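**Q** Following this message is one structure expressed as structure tokens.
FYI, it's all coordinate maths here, none of it is from the lab. Worth saying up front: this structure is predicted, and the values here are computed from it rather than measured. Because the Cβ atoms are built from the backbone with ideal geometry, glycine has one as well, and the counts that use them run over all protein chains shown.
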Amino acid sequence: MRFGFRELVLMLILLAVPLSSYWLVFRPVNAEIELAKAEVDLKRDRLSKLREETSRNSDLEKENKDIAASIEAFEAKLPSKKELDAIVRQVSELATQQGLSSPTVKSLKAVKAAMYMEQPLELSLQGNFRSFHDFVRKLEQLPRITKIPDFKLKRATDKNGDMLATFTLSIYYVDEGAKTQ
């Protein structure tokens, strides 16, 4: 067999066809396939995360109902503005039951606290220390939400061992006018 120029050209063409098809056809298609695989993997990952999140929806609904019930229980402890006088009377009776002097009450300006109002009252009491301790303990057990942000206790000027307490009692209440708006 004779190997000449025509055979060489034919051999080069036969080698060029698969090489050019790899470079011009298969290589770009393989790149597109890899890109499509990466996109499919990304979408599968997002889909699995979405399934996780949607599986939690029933849990979130239950949590929302529990939170709503907690808020209702909290609001039930908040008196209306009309009931503030009854709470002040209750605190005064509590003080006299514990053997303290009848408190002097000075109402301070009401303060807006989130969706509720805070009514600070400045009270002054006189009595022995154990009575103060029992009074504060009973005050904590009241069903209404109160706090004592400022408390000053000092010895009374008389010689019988009494103490004088001056403190601010904050009572939280619902402002019906603001809530209906």
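**Q** Can you tell me, using C-alpha contacts under 8 Å and at least 6 residues apart, the relative contact order of the chain as a whole percent?
**A** Here the relative contact order equals 20 percent.
**Q** Please determine, in degrees from 0 to 90 and to the nearest 10, the orientation of helix 5-21 with respect to the longest principal axis defined by the Cα atoms of the chain, where the helix direction is its Cα long axis.
**A** 20
**Q** For 9, 91, what ranking results if the residue with the fewest other Cβ atoms within 10 Å of its Cβ goes first? Walk me through the numbers before you get to the answer.
**A** Details: 9 10, 91 22.
The most exposed by this proxy come first: 9, 91.
**Q** How large is the charge dipole for the chain, taken about the Cα centre, if only the Cβ atoms of Lys, Arg (+1) and Asp, Glu (-1) carry charge, to the nearest 20 debye?
**A** The dipole magnitude comes to about 320 debye.
**Q** For the chain, what is the mean residue ellipticity at 222 nm derived from helices alone (per DSSP H run of n ≥ 4: -39500 (n - 2.57); sum divided by total residues; nearest 500 deg cm²/dmol)?
**A** That calculation yields -17500 deg cm²/dmol at 222 nm.
**Q** What pairs from 109/152; 65/109; 112/154; 106/138 go past 29 Å between their alpha carbons?
**A** 65/109; 112/154
**Q** How far, in degrees from 0 to 90, does helix 84-97 lean away from the longest principal axis of the Cα atoms of the chain, to the nearest 10?
**A** 60
**Q** Moving on. Could you derive backbone 3J(HN,Hα) for segment 130-137 from the dihedral phi with the Karplus parameters 6.51, -1.76 and 1.60 (θ = phi - 60°), listing whole Hz in sequence and x where the residue is Gly or Pro?
**A** 4, 5, 4, 4, 5, 4, 5, 4
**Q** First check a/c for segment 79-179, with a ≥ b ≥ c the square roots of the eigenvalues of its C-alpha gyration tensor; if it is under 1.5, answer rounded, and if not, answer prolate when a/b is larger than b/c or oblate otherwise.
**A** Here segment 79-179 falls in the prolate category.
**Q** Quick one: net charge of residue 131's neighbours, Cβ under 12 Å, K/R +1, D/E -1?
**A** My count for the surroundings of residue 131 gives +1.
**Q** Which residue, chosen from 23, 68, 48, occupies the Cα position most advanced towards the positive end of the dipole of segment 1-112, where the dipole is computed from +1 (Lys, Arg) and -1 (Asp, Glu) charges on Cβ about the Cα centre?
**A** Farthest along the dipole direction, towards plus: 23.
**Q** Sort segment 5-55 into rounded, prolate or oblate with this rule: let a ≥ b ≥ c be the square roots of the eigenvalues of the Cα gyration tensor; rounded if a/c is under 1.5, and if a/c is not under 1.5, prolate when a/b is larger than b/c, oblate otherwise.
**A** prolate
**Q** For the chain, what is one quarter of the convex hull surface built on the Cα atoms, given in nm²?
**A** The directionally averaged projection comes out at 24.2 nm².
**Q** Treating the angle as unsigned and between 0 and 90°, give the value, to the nearest 10°, between the Cα long axis of helix 57-76 and the longest Cα principal axis of the chain.
**A** Between helix and principal axis, roughly 10 degrees.
**Q** Order of 12, 121 from fewest to most other C-beta atoms within 10 Å? Show your work: numbers first, answer last.
**A** Details: 12 10, 121 19.
Ascending Cβ contact count within 10 Å gives the list 12, 121.
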